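Q: Mind looking over this structure? Questions follow.
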Amino acid sequence: MKPWIFAALLVPLFAGCADSHGSVNATDLGPSGLDGGSSIDANLLFDQGADSGAAPACGRPMDVQADPCVDVDCAPDAPTQYFWNGDECAPWPDCTSCTGSDCDAFMTLDQCHARYDLCTSVRCEASGGFFRAEHAYCGNFVCGHAADMNCEVGAAACDCGLGKIFEEGVGCVASADCGRADLCVATHGRWGAYSLNQCGGEAPGAPPQITCNCGAPFVFDESLGCTAPLIDLCISPSDEQYCARTGGAWVDGCPQACGETFDCACAGCMGCRCGRLEVFDSARGGCVRDASCSVGVRSGGNCGSGTIDDARCETGLACCSGGASSDGHCEASQCSSFGACGPPRP
C-alpha cells in the first residue's frame with residue numbers, strides 16, 4: 001500500500017476531489033525513449049466515462065470523496081475495495097462513508113488492474129518497474145534515471161530501471177538506446193570530459209577523456225555503473241561516502257529509516273538520514289527506495305515525529321501529534337471544520 005496516494009482525500013476530501021487531478025495527457029508525462037519517441041494522448045485512447053464499459057481515462061480520477069464524520073455499518077473482515085485516483089488503484093479506507101457519482105463502482109485490486117490495464121502505473125508494475133506516485137517528475141524515467149526535461153507541473157512516473165524505458169500501453173522494455181552515459185547518470189555519476197585515475201580520483205596532467213566521474217573513491221564499471229573499486233590499491237568507500245553520493249545526510253544520532261530519527265542512548269553515533277521513503281544500505285549503494293517505508297501504519301500506531309507528511313500512515317489516516325508527547329500516531333481524519341488532526345469528531 002502506498003500511503004501518499006490518498007493524500008488528496010485527507011484535507012480537501014470535504015470539498016470534493018473529482019477535478020483535483022484534471023485530465024492528464026500522456027504527452028505531458030514525457031518521452032517513451034531517449035529520442036522522445038511517439039507520445040500517446042491518454043485522453044484520446046481512453047476517453048470514455050467510468051460507466052461506459054470501455055477503458056476509462058487514465059488521467060480521470062473516479063468521483064469519490066470520503067466523509068469520516070458519517071458512521072457506516074461494515075463487516076470487520078470485509079475485503080478492501082479500490083478506486084482509481086487518476087494515477088493508480090488506491091485502497092478505500094475501511095468503514096468510511098463515500099459521496100460522489102462513482103461510489104457504486106468500487107472494485108477489487110485485480111478488477112481495478114484489469115480495468116486500467118493500459119494505464120502507466122499498472123503497465124509499469126506489471127512489467128517489473130517501480131511506479132513513483134509522487135508528482136515530482138517531468139516524464140517517465142529513461143534508462144534508470146529521471147528524464148532530462150523541464151515542466152511547470154510535476155507528474156508521477158514509471159522507473160523501469162537500468163537499461164530500460166517505458167513504452168506507453170506496453171510497459172518496461174529493454175532499449176538499445178541506453179548507453180554508458182545513461183548508466184553513469186543512473187548510478188549517481190557525472191558524464192563528461194575528466195582526467196581520472198584508476199581509483200576514481202583526479203589525475204592532474206593527464207589528458208581528459210569522455211568518461212563517467214563517479215567521485216572518488218567510486219569508479220565506473222561498464223556493467224554496474226558507479227561502484228566501489230575492485231582493486232586492493234584503492235580505498236573502499238565508507239558509509240558516509242555511500243550516504244553522500246545518494247543524496248543522504250550524515251548526521252549525529254542512531255540508525256534512521258524512512259525519514260525518521262529514532263531516539264536511543266547512543267553517544268557519538270553517526271548515521272545516514274535518507275529520504276522519507278528510503279533506507280540506508282551500503283550493500284545496495286547507499287540511500288535506496290524500500291517497500292518497508294510505504295507500508296501503512298494502522299490506526300493508533302506510531303508514525304514518528306508527526307512531521308513526515310503522513311508518509312507512513314495507512315491510507316486515509318493522518319500522522320498527528322498532541323499532548324506532552326512529540327510522537328505522532330496515525331489517526332482517522334477529523335471533521336471538515338477541523339482538518340485531519342483536529343479535535344475528535346462529535
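Q: For the subset of the stretch 229-259 comprising residues that are modelled with pLDDT of 85 or more and part of a strand (DSSP E or B), which member is surrounded by the most Cβ atoms within 10 Å (Cβ to Cβ)?
A: Restricting to residues being modelled with pLDDT of 85 or more and part of a strand (DSSP E or B), the top hit is W250.
Q: Then there's this: Does G169 satisfy the condition of being surrounded by fewer than 18 Cβ atoms within 10 Å (Cβ to Cβ) and touching a residue at least 60 places away in the same chain (Cβ under 8 Å)?
A: Here the answer is yes, as G169 does meet what is asked.
Q: Can you find a residue that is under 23 Å from G161 (Cβ atoms), touching a Gly at 6+ places or on another chain (Cβ under 6 Å) and among the small types (G, A, S) anywhere in the stretch 213-236?
A: no
Q: Taking the criterion of being part of a loop (DSSP other than H, G, I, E, B) and at positive phi, would at least one residue in the stretch 193-214 satisfy it?
A: yes
Q: Go through the stretch 79-102 and give me each residue that's surrounded by fewer than 16 Cβ atoms within 10 Å (Cβ to Cβ), modelled with pLDDT of 75 or more and not hydroxyl-bearing (S, T, Y).
A: Correct list: P79 only.
Q: Kindly provide the set of residues from the stretch 107-124 that are closer than 10 Å to W84 by Cβ, in a helix (DSSP H, G or I) and in contact (Cβ under 8 Å) with a residue 40 or more places away in the chain, ordered by number.
A: Once the filter is applied, which keeps residues that are closer than 10 Å to W84 by Cβ, in a helix (DSSP H, G or I) and in contact (Cβ under 8 Å) with a residue 40 or more places away in the chain, the stretch 107-124 yields only R115.
Q: If I filter the stretch 66-77 for residues that are among the hydrophobic types (A, V, I, L, M, F, W, C) and either under 26 Å from the mean Cα position of the chain (by Cα) or closer than 26 Å to G225 by Cβ (or both), do I get at least one hit?
A: The answer is yes; a qualifying residue exists.
Q: Sticking with this one: Being out of contact with any Asp or Glu (no Cβ under 6 Å at 6 or more places or on another chain), outside any strand (DSSP E or B) and buried (at least 17 other Cβ atoms within 10 Å of the Cβ) is the filter here, so list the residues in the stretch 130-159 that pass it.
A: Within the stretch 130-159, C138, G139, N140, G144, A146, A147 qualify.
Q: Scan the stretch 85-103 for residues that are closer than 14 Å to Q65 by Cβ and either part of a strand (DSSP E or B) or hydroxyl-bearing (S, T, Y) (or both) and report the count.
A: Adding up the residues that qualify gives 6.
Q: Of all residues in the stretch 260-297, which are assigned to a helix (DSSP H, G or I), at pLDDT below 75 and of a type in the set (A, V, I, L, M, F, W, C)?
A: Answer for the stretch 260-297, where residues must be assigned to a helix (DSSP H, G or I), at pLDDT below 75 and of a type in the set (A, V, I, L, M, F, W, C): A291, C293.
Q: When you check C226 against the structure, is it without any contact (Cβ under 8 Å) to a residue 60 or more places away in the chain, farther than 26 Å from R273 by Cβ and either assigned to a strand (DSSP E or B) or within 29 Å of the chain's Cα centre (by Cα) (or both), yes or no?
A: no
The values are calculated or read from the model by the stated rules, or taken from the named source; none is laboratory data. In this text the structure is predicted, and so the values were computed from the model without any measurement. All Cβ positions, glycine included, derive from the backbone under ideal geometry; neighbour counts span all protein chains shown.
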